[in-house]
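Below: one structure, written as structure tokens.
The values are calculated or read from the model by the stated rules, or taken from the named source; none is laboratory data. Keep in mind that this is a model prediction, so the values were computed, not measured. Cβ placement follows ideal geometry from the backbone for every residue including glycine, while neighbour counts extend to all protein chains displayed. These area figures cover heavy atoms from the full protein model, side chains too; ligands, DNA and RNA do not enter into them. Shrake-Rupley method; radii C 1.70, N 1.55, O 1.52, S 1.80 Å.
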Amino acid sequence: MVYREAPRSTLVSVLFGIRKLLGIATFVLIILLLGPKLFVLFDNPKGSTVSASLLDGRDYILKQSVPVLHRYFPTNIGGSDRSDWILIALAVAVTFVSGSIAERTQTALNRRLLRKSAQAWRRKEGVKPGSKLDSELETTLRMAESGKAINRQELLKVFAETKKKLDTFGREVAFLAIDVVGSVAMKVGEDPSSIQYDFEEYRKLVERIFRARGVLKQAWTPDGVMACFAHVEDACQSGKDVIKSLKAFNRDVKLSKANFEVRCGVNAGLVYFDDATPLETISDRVIDVAGHMQKHAEPNTVLVARKIIEPLRQLDEFAHTTKIIDGYEASVWRDAG
């Protein structure tokens, strides 16, 4: 993302135009009011066209403005009438105020564009709302916005430094999505306490397998889970281990009639997050694809994007399928036992 200054709006253009005109008018006023003071040193100053014009201009301005000035300001200072100096001071002040208003308006437009650009940059780079990096960027932006002016080079530096921080949060990770097949139907006609016991024990089983494989993060729904692992092998093997372990679980642990079956989906890729970010708050296509793989998987299988398992030694354990999910060819693992 490239930050640029906001183009001038009609209002800002008018304000800067007014400031320019006032600046010219103030310069002319200074010449007319102070220039003639030099001619008092010369003989017969009205004999010259230039000096006469300046003196006439000074007299006309003072004639028109002094009555108004006397109404609102004291003009006698040190026993002398200083209407000319007061007029110049007022003109300078008005020019300064108009310029300040124009610059403040332009700065406000710059800040709005900065905020809009920052939001677009967040979305493009995958900065997650509420993450540590998002908080750091927001703090930097507020510091920039609180300044009297927004320096373009400084802001570009802010985004460049934030991009460097973002890169440190980028990690190649793998996601495993697991869901219990027909979980609603399993609970029909069963004793609620038995169902609660079965699903609690199922969760303990899955979490033990995850811990053994070095799970980084996990987020549970009532009957499903999304888990993050450092390596594709760990994600795939965790899915396999859960499916294999369900044989003994269905035989020796569960109390309800229906057997537990699961669908597993795996995907991997570069995801931006920090250790403090809960998995359920991370929104990323890599995670979405893992969830979609799970939805298309058959019971007690692991469906995975083929491209991420091609480097694995266990590739021969996966069978190629004709399924194309989110643009990825899918391969499947089934328990041979």
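Look at (1) open to solvent by 30 Å² or more (accessible area, probe 1.4 Å); (2) modelled with pLDDT of 75 or more and you find that T95 fails only one, number (1). Condition first: farther than 24 Å from V332 by Cα, part of a loop (DSSP other than H, G, I, E, B), open to solvent by 50 Å² or more (accessible area, probe 1.4 Å) and not small (G, A, S). Can you find one or more residues in the stretch 174-187 that meet it? Yes, the stretch 174-187 contains at least one residue that is farther than 24 Å from V332 by Cα, part of a loop (DSSP other than H, G, I, E, B), open to solvent by 50 Å² or more (accessible area, probe 1.4 Å) and not small (G, A, S).
Within the stretch 204-215, residues that are part of a helix (DSSP H, G or I) reach partners that are charged (D, E, K, R) with beta carbons closer than 6 Å, at six or more positions or on different chains, in the pairs I209/D241. Restricting attention to the stretch 206-220, the residues that are surrounded by 18 or more Cβ atoms within 10 Å (Cβ to Cβ) and over 36 Å from the mean Cα position of the chain (by Cα) add up to 1. Residue pairs whose Cβ atoms lie under 6 Å apart, sitting 6 or more positions apart in sequence or on different chains, and linking a residue in the stretch 86-109 that is in contact (Cβ under 8 Å) with a residue 60 or more places away in the chain to a partner that is surrounded by 17 or more Cβ atoms within 10 Å (Cβ to Cβ) and not in a helix (DSSP H, G or I), are L109/A6.
Looking at the stretch 316-330, is at least one residue under 14 Å from G239 (Cα atoms), of a type in the set (S, T, N, Q) and part of a strand (DSSP E or B)? The answer is no; no qualifying residue exists. Screening E298 against (1) among the acidic types (D, E); (2) in a helix (DSSP H, G or I); (3) closer than 30 Å to V188 by Cα leaves a single unmet condition, (2).
Within the stretch 249-265, the set of residues being part of a helix (DSSP H, G or I) and open to solvent by 40 Å² or more (accessible area, probe 1.4 Å) comprises R251, D252. Of all the numbered requirements in (1) at pLDDT 95 or above; (2) of a type in the set (D, E); (3) touching a strand residue (DSSP E or B) at 6+ places or on another chain (Cβ under 6 Å), E298 misses one, and that requirement is (3). A count restricted to the stretch 108-118 and to residues that are open to solvent by 20 Å² or more (accessible area, probe 1.4 Å) and either under 14 Å from G23 (Cβ atoms) or of a type outside the set (G, A, S) (or both) stands at 6. Within the stretch 316-333, residues that are open to solvent by less than 20 Å² (accessible area, probe 1.4 Å) sit with their Cβ atoms under 7 Å from residues that are among the basic types (K, R), at 6+ positions apart or across chains, in these pairs: A330/R306; A330/K323; S331/R306; W333/K240.
Scanning the stretch 266-295 for residues that are at pLDDT 80 or above and assigned to a strand (DSSP E or B) yields a total of 6. Report yes if L279 is open to solvent by less than 30 Å² (accessible area, probe 1.4 Å), touching a helix residue (DSSP H, G or I) at 6+ places or on another chain (Cβ under 9 Å) and either under 27 Å from E190 (Cβ atoms) or aromatic (F, W, Y) (or both), otherwise no. No, not satisfied.
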